[in-house]
Amino acid sequence: MKIHAYKEKARRLHGFASEQGGYFTARQALAAGYAPSTHAYNVKAGNWLREHRAIYRLAAYPNPDRPDLIQWSLWSCNRKGEPEGVYSHQTALSLRELSDINPAKIYMSVPPAFRRSGPMPRGLVLHRRLLAKEEVVQMHGFRATTPLRAIADLLAEKSVSLDHMAQAVTQAFERGLIRQSEFERSRLPAEIKKKIEQLRGGR
């Protein structure tokens with residue numbers, strides 16, 4: 001009976017972790033059936049790796065391509081255990097390999113009321129604003145803004161060179177990451193739409 005219960009706990013935890021590149025939160029471990037008093041034991045036994053406060057990874061799970069993005073997405077969870085952070089701006093473009101942008105920092109958008117205790121993770125830049133549902137897409141283990149939203153954000157900020165922005169716009173349309181219908185029905189400011197059309201070469 002105990003063996004069956006242990007396997008069932010492990011199965012549930014693996015279910016959470018498999019959606020997040022092997023990572024999981026203390027809240028998810030509790031939901032899977034692991035009492036808080038067993039978390040330290042599993043770390044000491046080598047079953048789990050403690051990556052951050054209340055964030056763990058299954059030791060036997062293959063490391064994902066971008067563990068940092070999964071980890072900080074889980075760091076952004078609210079009290080309900082739901083990640084609030086959405087990767088945006090330069091990070092959202094680099095995820096799709098749009099242009100030669102290679103940001104040294106990680107850019108994340110969070111709700112205006114977002115709060116976390118303790119120091120900010122090094123290299124993480126937060127933008128506080130609300131995003132529409134259609135401006136966000138689910139990736140493996142985290143969320144990111146659409147290429148169109150990311151391009152619009154960077155054009156509004158004027159934080160990236162126009163050469164890079166022209167690359168990103170051209171590549172996004174050519175690869176179908178932005179469709180003409182999506183662009184036309186978007187609610188972007190008129191000046192941003194005009195700039196995107198200019199960067200696209202008026203096509």
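Points worth noting:
- Single condition residue 98 does not satisfy, out of (1) touching a strand residue (DSSP E or B) at 6+ places or on another chain (Cβ under 9 Å); (2) under 24 Å from residue 64 (Cβ atoms); (3) open to solvent by less than 30 Å² (accessible area, probe 1.4 Å); (4) of a type outside the set (Phe, Trp, Tyr): (1)
Residue by residue, here is whether (1) open to solvent by 20 Å² or more (accessible area, probe 1.4 Å); (2) touching a residue at least 40 places away in the same chain (Cβ under 8 Å); (3) part of a strand (DSSP E or B); (4) of a type in the set (D, E, K, R) holds:
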site: 137; (1), (2), (3), (4): yes, no, yes, no
site: 151; (1), (2), (3), (4): no, yes, no, no
site: 156; (1), (2), (3), (4): yes, no, no, no
site: 163; (1), (2), (3), (4): yes, no, no, yes
site: 167; (1), (2), (3), (4): yes, yes, no, no
site: 176; (1), (2), (3), (4): yes, no, no, no
site: 196; (1), (2), (3), (4): no, yes, no, no
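- Qualifying residue in region 145-160 (condition: of a type outside the set (Ser, Thr, Tyr), farther than 20 Å from residue 130 by Cβ and touching a helix residue (DSSP H, G or I) at 6+ places or on another chain (Cβ under 8 Å)): yes
- Residue within region 19-26 that is of a type in the set (A, V, I, L, M, F, W, C), more than 12 Å from the chain's Cα centre (by Cα) and open to solvent by 50 Å² or more (accessible area, probe 1.4 Å) present: no
- Restricting region 133-155 to residues that are among the small types (Gly, Ala, Ser) and modelled with pLDDT of 95 or more, the residue that is nearest to residue 63 (Cα to Cα): 144
- Given (1) more than 12 Å from the chain's Cα centre (by Cα); (2) closer than 30 Å to residue 157 by Cβ, number of the condition residue 14 does not satisfy: (2)
- Checking each residue in region 112-132 for being in a loop (DSSP other than H, G, I, E, B) and open to solvent by less than 40 Å² (accessible area, probe 1.4 Å) picks out 114, 121, 123, 132.
- Among the criteria (1) surrounded by 14 or more Cβ atoms within 10 Å (Cβ to Cβ); (2) within 23 Å of residue 130 (Cβ to Cβ), the one residue 55 does not fulfil is (2).
- Flag for residue 117 being more than 19 Å from residue 177 (Cβ to Cβ), of a type in the set (S, T, N, Q) and more than 15 Å from the chain's Cα centre (by Cα): yes
The values are calculated or read from the model by the stated rules, or taken from the named source; none is laboratory data. The shown structure was predicted, so the numbers you read here are calculated from the model rather than taken from an experiment. Using ideal geometry, Cβ is built from the backbone for each residue, glycine included, and neighbour counts are taken over all protein chains shown. Surface accessibility is based on the protein's heavy atoms, side chains included, excluding ligands, DNA and RNA. Shrake-Rupley method; radii C 1.70, N 1.55, O 1.52, S 1.80 Å.
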